[in-house]
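The values are calculated or read from the model by the stated rules, or taken from the named source; none is laboratory data. The model shown is predicted, which means the values in this text are computed figures rather than measured ones. FYI the Cβ positions are ideal-geometry reconstructions off the backbone, even for glycines, and counts take in every protein chain you see. Ligands, DNA and RNA are excluded from the accessible area calculation, which covers all protein heavy atoms including side chains. Shrake-Rupley method; radii C 1.70, N 1.55, O 1.52, S 1.80 Å.
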Amino acid sequence: MDNDKHRSAERIIYENFVDRLFEGRGQIIAGMCLQVAVMAILYVETFNPIFFVFPVLAVALALMRLRQSRQFHAERAAISASGNKPDEAWYRDWEWRFTLTTVTAALNVGLFSSSGYLLAETEFVAVVAIVLVFASVPSIIARLYGSIRLAAMMMVSLFLPLTLGVFTVWDAPHLVMVALFVPFTLSAMSMIRDVRQTFVFAVRGSLEKRLLGKRLNDAVSNMSHGLLMLDDDGQVIVLNDPAKAIFGLSEKRDFAGRSLAAVMRYIRRYGSYDAGRLTALSDILSRLAKGEQSKASVLISGKQTLELSANPRPGGGAVLLIEDITEQVRMSRKLEKMRTTDPITGLLNRDGFFTAISKALASSSARTQHSIIVFDIDDFKRVNDSAGHFQGDRLLKAVGQASRKVLGANAKITRHGADEFIACVRRSRKSLEAVCRELRDGLSTTYTVGGEQFAITISVGGADLLRDDHDGTDANIHASLALTDAKSRGSRSFSVYDPSMNVSQLRRQLLKGALMNAVHAGEISPLYQPIVDAKSGRLVACEALARWQHDELGVVSAEEFIPLAEEMGVVTRISRHMLSKAMQDSAKWPDDITVSVNLSAKDFEDTALTDWLLNALGRQNFNPSRLEIEITETSLIRNEAFVSKQLKRMRDRGVRIALDDFGTGYSSFNYLHRLPLDRVKIDKSLLATTSKETSLLQLLERLAGLCAALGKGTTIEGVETAEQLELLRDMSDIGRLQGYLFGPALPADAIATIASAHGSPRAMPDETLPMAYAS
Ligand code: C2E
Ligand code: CA
Ligand code: CA
């Protein structure tokens with residue numbers, strides 16, 4: 001391999017040398033002109049006809065050489081065109097031809113100088129003759145270094161005749177002159193050798209580089225990355241195949257030894273880049289190559305993304321890695337899109353939305369007003385329930401897209417929760433009211449999805465974003481309050497936030513707005529809280545407590561919505577529903593467990609409920625003695641006699657009556673005498689403030705004693721801890737206990753389970769407390 005390399009180096013040098021022999025026609029002509037001119041001078045000086053022969057010969061030889069040169073190039077071109085390379089014999093042949101003509105030309109000059117010197121009549125002419133010989137030497141050095149033999153022949157042809165001529169004079173100065181020819185000739189020859197040596201080194205070096213490049217190229221073309229290796233002069237050592245593929249260049253082209261600029265020119269001509277992007281690429285490549293930068297990503301023609309990195313090479317130069325990351329970039333964009341997109345509507349999801357708002361706020365001027373708009377579909381549940389979730393989702397998508405149209409391309413919109421959307425809009429001169437109204441009117445329409453038509457209305461709430469509200473959290477809350485406010489005024493409403501909208505007020509409004517429908521839709525139903533016998537710990541009764549399962553707010557407690565229902569005059573409907581359900585549910589429990597239902601003061605304003613109950617008992621075939629009614633003193637204040645009469649009707653039928661929340665409010669002991677009562681429920685607030693030391697404990701004991709004396713049972717409410725139970729344990733007159741210690745309000749079937757497990761009498765309090773009911 002090394003041998004090969006050397007041989008081919010010699011060969012390259014030789015071919016190169018022969019090539020150069022036939023170059024520089026200008027030089028031939030210039031040389032000829034110089035010779036003819038000098039010869040002409042001699043002719044004019046001497047009028048010797050011999051000096052006419054030399055220039056004619058010089059011209060003839062020059063013409064021959066020109067012709068030779070033309071022939072040489074024509075032949076070489078013909079050989080190349082046939083797809084071959086000229087062989088060594090061919091080169092040798094041409095070298096021989098060249099030698100023949102050129103040495104003859106040199107001999108012509110040498111003989112001319114010699115004879116000129118001899119025949120010259122003036123010193124000037126003699127010098128001119130010699131100068132012509134010397135003037136030929138540099139061109140020999142410059143052009144014939146490739147062949148020492150040829151160079152030597154030329155030198156001999158020039159100097160031998162001259163030396164012989166000068167010798168004929170045979171005096172001291174001329175001998176000295178001839179003696180000086182020798183070192184001159186020798187130094188010229190040594191220069192020729194030096195030039196040759198340098199040339200050989202250079203060719204070997206570049207040949208080695210090219211070979212190295214080829215080997216490297218083979219090695220690095222298996223890499224998946226593009227690779228560009230540059231030497232310390234910024235010339236390409238390797239540009240591997242993947243790199244060529246990235247730049248759209250043919251794999252066949254070899255760039256070794258080319259400059260980076262040359263590569264860029266190729267890319268411009270043959271690669272797949274437009275000029276603008278190419279300049280960017282070229283800038284980055286040269287910056288990387290110079291080590292001014294070590295990493296860069298460039299987006300080419302909007303389609304291709306390249307990642308480039310550079311490592312300096314220890315001895316100078318750089319290794320550039322080029323990776324086409326277009327696919328990765330596309331994938332990560334896709335992932336990013338998925339990460340920030342709501343799959344149902346294609347709008348932003350929560351994360352994407354808040355990121356987008358933060359960005360929009362950060363990049364907008366202080367004068368831009370952003371607003372948050374929250375909107376939702378009125379009664380969307382109806383769509384979901386009637387048409388199914390699939391259609392519901394399609395409708396959401398249609399509404400989301402419509403909102404994009406109404407709010408414009410700059411708006412950031414997300415779906416938040418089931419059917420609620422949040423938008424962040426940049427408001428110009430339009431008022432927030434106008435934007436909200438437009439949105440409501442634009443979206444409250446009939447949508448056709450999946451061949452089905454949905455006429456829907458939208459409610460909208462809006463709030464302006466304040467400067468210090470960086471992520472829009474406050475505005476979001478405000479807009480939600482505004483939406484709640486809008487919804488409380490019925491569907492297809494809009495509202496703009498103002499600070500008077502406080503949360504509890506709005507919640508009340510919201511609950512009131514939804515309560516009517518809740519009663520109809522059966523969203524209100526009872527849970528049952530266990531009541532135990534104080535002596536045995538046995539489960540003896542349950543109190544039905546109303547619960548409202550609200551769509552958005554979750555479970556709403558009776559404490560919150562019963563007063564609203566009373567205000568709105570719909571409480572009796574709830575009472576009926578509760579009574580009916582309680583009878584139904586408790587019928588599945590053991591016979592000895594009774595059920596208590598709370599009635600409101602409003603229920604006794606007329607006899608309708610009492611009539612209904614007495615009817616229902618028969619209709620549902622329910623044993624009246626298993627039902628207990630809980631009333632509060634407020635029921636009695638207005639018209640005690642009227643209420644008392646109805647209670648009596650119920651009681652006559654066998655229904656038990658309890659006075660609830662005793663110990664609070666009016667607490668008139670008179671009622672205990674006058675009313676048809678079976679039981680008194682001592683309010684939980686009493687026990688809560690009772691401890692061993694206080695007189696309240698005695699009060700509790702006395703109260704229980706009094707009730708017992710009047711023949712009424714007692715229930716202590718709000719027993720939460722074992723300590724409280726300890727205090728109550730020794731009071732002989734307490735009949736029943738109720739509170740979280742024995743369990744919270746539970747579904748009807750949980751009560752059935754507990755009843756079957758714990759229904760048997762238990763010793764109190766040593767045994768495990770019926771606390772276990774709760775589990
Ligand atoms: P209430 O009749 O005094 O019912 C007992 C309330 O105390 C229930 O609250 C119950 O969950 C809670 N409670 C039970 N054990 C404990 C305890 O150990 N500690 C404490 N701190 N609380 C306990 P809830 O269910 O929110 O009911 C509140 C009130 O709403 C009831 O007070 C009752 O007056 C009324 N109510 C409940 N359901 C109905 C109903 O169906 N109709 C009517 N008209 N009113 C109802
Ligand atoms: Ca009660
Ligand atoms: Ca109570």
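The table that follows gives values for the structure above.
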read-out	value
In segment 599-631, the residues that are away from ligand 1 (no atom under 16 Å from the Cβ) and among the β-branched types (Val, Ile, Thr)	Thr607
Residues of segment 247-277 classified as in a helix (DSSP H, G or I) and either more than 31 Å from the chain's Cα centre (by Cα) or crowded, with 20+ Cβ neighbours inside 10 Å (or both), total	12
Qualifying residues in segment 530-549 (those that are open to solvent by 20 Å² or more (accessible area, probe 1.4 Å) and in a strand (DSSP E or B)) - the one nearest to ligand 2 (Cβ to nearest atom)	Leu545
Selected residue (criterion: most open to solvent (accessible area, probe 1.4 Å)) from residues of segment 325-353 that are of a type in the set (S, T, N, Q) and under 21 Å from Ser297 (Cα atoms)	Gln328
Any chance Glu292 is charged (D, E, K, R), open to solvent by 50 Å² or more (accessible area, probe 1.4 Å) and free of Cβ contacts under 8 Å to residues at least 12 places away in the same chain	yes
Ala463 being surrounded by 23 or more Cβ atoms within 10 Å (Cβ to Cβ), of a type outside the set (S, T, N, Q) and within 33 Å of the chain's Cα centre (by Cα)	yes
Conditions (1) assigned to a helix (DSSP H, G or I); (2) more than 12 Å from ligand 3 (Cβ to nearest atom); (3) free of Cβ contacts under 8 Å to residues at least 40 places away in the same chain; number of the one not met by Gln646	(3)
Residues of segment 734-755 satisfying the condition of being within 13 Å of ligand 1 (Cβ to nearest atom) and assigned to a loop (DSSP other than H, G, I, E, B)	Gly739, Tyr740, Leu741, Phe742, Gly743, Pro744, Ala745
Close pairs from segment 682-693: first at pLDDT 85 or above and open to solvent by 70 Å² or more (accessible area, probe 1.4 Å), partner within 16 Å of ligand 2 (Cβ to nearest atom) and in a loop (DSSP other than H, G, I, E, B), Cβ under 6 Å, at least 6 apart	Lys684/Glu717; Lys684/Gly718
Residues of segment 129-150 classified as open to solvent by 20 Å² or more (accessible area, probe 1.4 Å) and under 16 Å from Pro161 (Cβ atoms), total	5
Residues satisfying the stated conditions in segment 558-585, i.e. over 11 Å from Pro526 (Cα atoms) and within 16 Å of ligand 2 (Cβ to nearest atom)	Glu559, Glu560, Phe561, Ile562, Pro563, Ala565, Glu566, Val571
Criterion (of a type in the set (Val, Ile, Thr) and either over 28 Å from Ala757 (Cα atoms) or near ligand 1 (Cβ under 8 Å from one of its atoms) (or both)) met by exactly one of Ile562, Ile593	Ile562
Filter result for Gln505 (loosely packed, with under 15 Cβ neighbours inside 10 Å and either closer than 30 Å to Ser756 by Cα or free of Cβ contacts under 8 Å to residues at least 40 places away in the same chain (or both))	yes
Residues that are open to solvent by less than 50 Å² (accessible area, probe 1.4 Å) and more than 16 Å from ligand 1 (Cβ to nearest atom), drawn from segment 632-677	Glu640, Ser644, Gly654, Ser668, Tyr671, Leu672, Leu675, Pro676
Residues (closer than 20 Å to Ser136 by Cα and either touching a strand residue (DSSP E or B) at 6+ places or on another chain (Cβ under 8 Å) or modelled with pLDDT under 85 (or both)) located in segment 39-57	Met39, Ala40, Ile41, Leu42, Phe51
